[in-house]
Amino acid sequence: MSQSSLILTVIGPDRPGLVRMVAELVAEYGGSWLESRMARLAGQFAGIVEIHVPAAGLDNLTRALAGLDRYGLHVTVEVATEAPARPPEVVLQVEVVGNDRPGIVRDFTRALAACGANIEELNTDVHSGSFSGETLFRAAARLSTPAPDAAGRIRTALEKLGNDLMVDIRPAEEGK
């Protein structure tokens, strides 16, 4: 049986049962829930989900998911396509902590792009420093790059963003 790979984006006011509503529809149409990232942000529930569904049920599942709008849950469905073949890559885990400031995510991602790094996963947050009380920015990113010597270039580029920035770069664990 032919399968379609879908990427769902989900957003709506946070409340119990939102994931259940999506999961029930995926199961009802014979789909498999493969991978997801979900979080509560500013009172909203936001998520991204990869599923496989039998091709024959694709249109019906898409309509059913659109019906969740009546509950305030907005679901966007994208059919995943095969990615073009990429050269062998080095996968790195990068963690950065420093004083927060306007534009820090822009500068962080600009430095990574300039080094040819592809962001596979990015988590950011801000929190109050335990001793100083200043607002600290923290980012954890999983990067891939075809350049075997990229770690040093990435470290240099990120450290140029500010003296207060602590940068940790290491090979990413396989399968994560």
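None of the figures in this text is laboratory data; all of them are computed from the coordinates on show. Given the structure is predicted, the values throughout are model-derived calculations rather than measurements. Cβ: placed from backbone, ideal geometry, glycine included. Neighbour counts: every protein chain shown.
Couple of notes before you dig in:
- The chain - mean residue ellipticity at 222 nm from DSSP helices (-39,500 (n - 2.57) per run, n ≥ 4, rounded to 500): -7000 deg cm²/dmol
- Two-site label geometry, ASP59 and GLU159: point separation in nm, points 7 Å out along Cα→Cβ: 5.9
- The Cα atoms of region 90-171 cover 39, 21, 19 Å along the three principal axes, with the biggest extent listed first.
- Sum of side-chain charges, VAL97 neighbourhood, beta-carbon under 11 Å (Lys, Arg +1; Asp, Glu -1): -4
- The three principal axes of the Cα atoms in region 74-113 give end-to-end lengths of 39, 37, 16 Å, sorted in falling order.
- Potential extension, ALA42-VAL126 segment - 0.36 nm per residue separation minus Cα distance: 28.9 nm
- A full extension of the chain between HIS74 and ASN99 corresponds to an added length of 5.5 nm, given 0.36 nm per residue minus the alpha carbon distance.
- At 1.306 mPa s and 10 °C, Stokes diffusion of the chain via Kirkwood alpha-carbon radius, µm² per second: 85
- The Cβ shell under 13 Å around SER132 holds other residues with a net charge of -3, Lys and Arg each +1, Asp and Glu each -1.
- Calculated P(r) of region 16-97 - Cα pairs past 22 Å, %: 39
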